[in-house]
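Below: the structure, in structure tokens.
The values are calculated or read from the model by the stated rules, or taken from the named source; none is laboratory data. Remember, it's a predicted structure, so these values are computed and weren't measured experimentally. Methodologically, a virtual Cβ is constructed for each residue, glycine included, from the backbone with ideal geometry; neighbour enumeration extends over all protein chains shown. Note: areas computed on protein heavy atoms with side chains; ligands, DNA, RNA excluded. Shrake-Rupley method; radii C 1.70, N 1.55, O 1.52, S 1.80 Å.
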Amino acid sequence: MIQVQAQALLASLARLVSEESSLDVTLSHVALLLRDAIPFERLHVLRLDRSESVTLYVVRASGEIEVTGHLIGDTQSTPADAGAGTERSRLICTVRQGARVKGAVWLTSNEAHAFTNDHQELLEAVGDLLTLALYHDTVRTTELRRRERIDALVRLLHTVAETLDIRQIFPQLSETIRGALPHDILALTAWAEDGLSFRVYAMAGAEVPDNAFWGPTLLTPVDRTLLDRKAYIIHDVNSEIAAETVRGQLLRVVGARSALRVAIPLGSAVFGSLFFLAREPGRFSDADVDFARRVADHLALALSHQHLAEAARRDAAARETAARLEAQVATLTRELEARTGQRRVVGHSRQWQEVLAHATRVAQAETTVLLTGESGTGKEVIARFIHHASRRGQGPFIAINCAALPDQLLESELFGYERGAFTGAVGAKPGRIELANGGVLFLDEVGEMAPSVQAKLLRVLEEREFQRLGGTRLHHADIRVIAATNRNLHAAMKRGEFREDLYYRLGVFEIELPPLRERAEDVLELADMFLREIGETVGRPAAGFERDAKRDLLAYPWPGNVRELRNAIERAVILADGGYIRSEHLPVSATRKAPAPNESINTTLPAGGVNMDAIERSLVIKALAQARHNKTRAAKLLGLTRAQLYSRIEKYGLAETES
């Protein structure tokens, strides 16, 4: 009867083993079948994975299973003694495949003398069947791993193809291959040019205290070249690598207990090493080396492209930067002229060309730009130039003058409003931020913006979100902001009139526009451009400039800058009535002469000299008092622009009561 029961059991086990189930599921069912024939508490299956490690499956009679890995020789874990604290009987047999031992299977019981010779014979027959189960599982696992690694290499190829700097995607790269070759840390080291030291080039899964540190090695260049080509495995860092070596220090700093290293070839040389690291010993085997080498080959290809691109960029930057920028500026200028019908971006002075070069560089980025300089220097012209040269060039360019609107009106113009937000809001209206969606929002005279509006603008720049006045729904701001001011924002920040955090958000890339008096060589070119531009709008355009008119144009300092020059040319064109513009056609301010060098000034200067700052401060105070603190009239009395007057008020620290 026992023999018939054993045969039925073995037949059931044979059918179970022939099914394509995972090994842990198979062993759970084996325990459930076996418990009716042999009394036991636990079924143990020890699988010899490779020469240095084993996997232990412990299955209770109820079918519950626990799987653990063990390093052979690790005194902290002895799998053969698992559960030995309560067992009183053990029945064991080896699992063989031909003459090769593949592991062992044993049963344990808490009862003494629980097993018989019949049980031993039955267990040996079960062991033969488990040999087949282990073989099936090995084949299935190997095939799954092979497919997974092929897929991982394909994904890796796509990943590295998306960048020219693998350091930027190294964590993503580690995740891509982790399923195919499990690891906790992935590290890439690079050899220095001297061939005697290395550094950590990239790392995922851990941090190195000093990533720029170059670690010296004890190898000669010849020895290093021979060793670099070889892959190696470290099964236990603590027992195999000396702690005082650079490699030992690095591995211990990141908490690695085992490692797989392959070389990164770069042409005929070796770039460095790729380390797969684990925080437990015995994680890697010889079967992992081939896949690791394939990963290294993919990285080597990416590094080759990266080095070629970097070399090309360096060479191009050294030879062609100036020429490229000059050509790009010229192209953008022509395109802007064709679009607007006006030649506004003109001038060949060094200062103006530097402004255009900076504008060209920043155009392709999404960076916020702050344009500074005196009133009338062409800040909006440069803003449009940047917009047209950027990826948003086909989008809208929405400008708003922050000084031209009262605070509440400025806020509603910027952010828009919902119906009923305030008296007179009979319907909803989008603001300039919404209108600029996909393009550029140009904030002219941003220094005049009220603090309450500054706070809301800061949120737009930081979060790219805003709400309409009277609304609750968040709107996304897909805009690039270009701001301009003729005020000294640093002085305004000290006085608490301008938010420091907003300034640093706006001033990521600051371009200062020079006043026209500092680029006098551009005056006649600008005058000719304005002459042609204005001539198209009047009945009888002027024929040109007489010599004396050109002389006066060059002699005048143009405190109102390009804007003042254009106004002067427009007035002169009307007065010339189709003829040549002469000196008398220009505004009085443009023809005012300075005293000749030999003319005497009927003013007696004190022997001790004069304090020019004190004199200028006194004049500013008198002008403000005479104008009853109207800044515009005071500026006219002094022959200054409003921006220049503000600059002097800030310079001399005049309080509101004085100014």
Of the conditions (1) modelled with pLDDT under 90; (2) open to solvent by 50 Å² or more (accessible area, probe 1.4 Å), the single one that Glu510 does not satisfy is (1)
Selection from the stretch 353-373 of residues that are touching a residue at least 60 places away in the same chain (Cβ under 8 Å) and touching a Ser or Thr at 6+ places or on another chain (Cβ under 7 Å): Thr372
Go through the stretch 17-48 and report how many residues are modelled with pLDDT under 75 and either surrounded by 15 or more Cβ atoms within 10 Å (Cβ to Cβ) or outside any helix (DSSP H, G or I) (or both). 4
Filter result for the condition that a residue is in contact (Cβ under 8 Å) with a residue 60 or more places away in the chain and surrounded by fewer than 16 Cβ atoms within 10 Å (Cβ to Cβ), over Arg532, Arg505: Arg532
Go through the stretch 236-278 residue by residue and tally those that are charged (D, E, K, R), without any contact (Cβ under 8 Å) to a residue 60 or more places away in the chain, open to solvent by 10 Å² or more (accessible area, probe 1.4 Å) and more than 14 Å from Trp191 (Cα to Cα). 4
Per the filter on the stretch 85-140, residues open to solvent by less than 30 Å² (accessible area, probe 1.4 Å), of a type in the set (Ser, Thr, Tyr) and without any contact (Cβ under 8 Å) to a residue 40 or more places away in the chain are Ser89, Thr131
Has the stretch 612-622 got at least one residue that is more than 52 Å from the chain's Cα centre (by Cα), modelled with pLDDT of 75 or more and under 30 Å from Trp352 (Cα atoms)? no
